[in-house]
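S.K.: Below: one structure in structure tokens.
The values are calculated or read from the model by the stated rules, or taken from the named source; none is laboratory data. Predicted, not measured: the structure shown is a model, and the values here were computed from it. Cβ coordinates were reconstructed from backbone atoms using ideal geometry, including for glycine residues, and neighbour counts include every protein chain displayed. All accessible areas refer to the heavy atoms of the entire protein, side chains included, with ligands and DNA or RNA removed. Shrake-Rupley method; radii C 1.70, N 1.55, O 1.52, S 1.80 Å.
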Amino acid sequence: LTVGMTQAATMTVGPAAPTVDGDDIAQLVGLSDPGGNLGHVWSNRPVHGQTFTTGSNAAGYNLSAVSMLARVEQSSTTSPQWDIRVGTIPGNNFTPLGTETAVGVAIPNTSGTTNPQWVTWTFDNPIMLNANTVYAFDVDSSGSGFISLNNPGNVFLGGAAFSSGGGGVPSNPITQHNFDRVFHLDIQAKSVVPEPATFGLALIGGAALLRRRRTC
């Protein structure tokens, strides 16, 4: 995704946790509510997210979807629009790589923590990530939203929950917390493309082997 470019994401909601496979990054344990300004994704609150660290695949990764575990304490909520940002955080300053905007769908009443829902935003264009780098994602709602569920034990070693801004408007300076969101990132490792010189040597070697076989 081009820096600063906005695309359309697709939002889905359901009770089943996303499948963790391949190079996915996830923290799936926790039902804690940290409080309004620390974790309620609403248009009159700060914007909330999580930092994370990519693996060591030399070619990097593609991030195709972001999911968060949510609860709703009232009748179902529907925000007209959701914005999902992904970026780096040098010096606790969010530097966006891209933003995707999704049309909101209904999030049902979850009866406290007995029936939490997974809210997933699937990107129109995967976002490219480098290896061994700390990134961040956050989400904000243009209207009603949900309570993000969290683990108060700070069990995720690759990052931490954070908040920024206010009134549903993010800011570049972020405040990291000592707990973690319950989240899932759908990530695929990119293939390493051989350098031209290496590829050329492989072709020469193959041609030489073919010649030897023909002269036998």
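S.K.: Given ASN125, ASN132, which one is open to solvent by 50 Å² or more (accessible area, probe 1.4 Å) and part of a loop (DSSP other than H, G, I, E, B)?
M.R.: None of the others qualify; the one that does is ASN132.
S.K.: Something else: Does the range 123-137 contain any residue that is closer than 17 Å to VAL72 by Cβ and either touching a strand residue (DSSP E or B) at 6+ places or on another chain (Cβ under 8 Å) or aliphatic (A, V, I, L, M) (or both)?
M.R.: Looking through the range 123-137, none of the residues is closer than 17 Å to VAL72 by Cβ and either touching a strand residue (DSSP E or B) at 6+ places or on another chain (Cβ under 8 Å) or aliphatic (A, V, I, L, M) (or both).
S.K.: When the range 135-150 is examined, which residues are found to be open to solvent by less than 20 Å² (accessible area, probe 1.4 Å) and either farther than 19 Å from THR101 by Cβ or not acidic (Asp, Glu) (or both)?
M.R.: TYR135, ALA136, PHE137, VAL139, SER141, GLY143, GLY145, PHE146, ILE147, SER148, LEU149, ASN150
S.K.: Also, quick follow-up: Could you say which residue among SER56, SER75, SER79 is open to solvent by less than 10 Å² (accessible area, probe 1.4 Å) and either among the hydrophobic types (A, V, I, L, M, F, W, C) or over 21 Å from ASP180 (Cα atoms) (or both)?
M.R.: Being open to solvent by less than 10 Å² (accessible area, probe 1.4 Å) and either among the hydrophobic types (A, V, I, L, M, F, W, C) or over 21 Å from ASP180 (Cα atoms) (or both) holds for just one of SER56, SER75, SER79, which is SER79.
S.K.: Counting just the residues of the range 166-189 that are over 16 Å from the mean Cα position of the chain (by Cα), at pLDDT 95 or above and part of a loop (DSSP other than H, G, I, E, B), which one comes out nearest to SER142 (Cα to Cα)?
M.R.: Across the range 166-189, the extreme among qualifying residues is ILE174.
S.K.: Which pairs turn up if I take residues in the range 172-189 that are under 22 Å from PRO126 (Cα atoms) and look for partners that are open to solvent by 70 Å² or more (accessible area, probe 1.4 Å) and not in a strand (DSSP E or B) with beta carbon separation below 8 Å, at least 6 apart in sequence or on another chain?
M.R.: Cβ pairs passing all conditions: VAL182/LEU28; VAL182/VAL29; VAL182/LEU31; HIS184/VAL20; HIS184/LEU28; ILE187/GLY22; GLN188/GLY22; ALA189/GLY22.
S.K.: For the range 83-114, how many residues meet the condition of being more than 13 Å from the chain's Cα centre (by Cα), open to solvent by less than 20 Å² (accessible area, probe 1.4 Å), of a type in the set (A, V, I, L, M, F, W, C) and under 26 Å from LEU31 (Cα atoms)?
M.R.: Final tally of qualifying residues: 2.
S.K.: Next question. Suppose we filter the range 31-52 for residues that are over 16 Å from the mean Cα position of the chain (by Cα), closer than 18 Å to GLY153 by Cβ and assigned to a strand (DSSP E or B); how many remain?
M.R.: 1
S.K.: In the range 118-125, is there at least one residue being of a type in the set (A, V, I, L, M, F, W, C) and either in contact with a Pro (Cβ under 7 Å, 6 or more places away or on another chain) or at pLDDT below 95 (or both)?
M.R.: Checked against the condition, which is being of a type in the set (A, V, I, L, M, F, W, C) and either in contact with a Pro (Cβ under 7 Å, 6 or more places away or on another chain) or at pLDDT below 95 (or both), the range 118-125 yields at least one hit.
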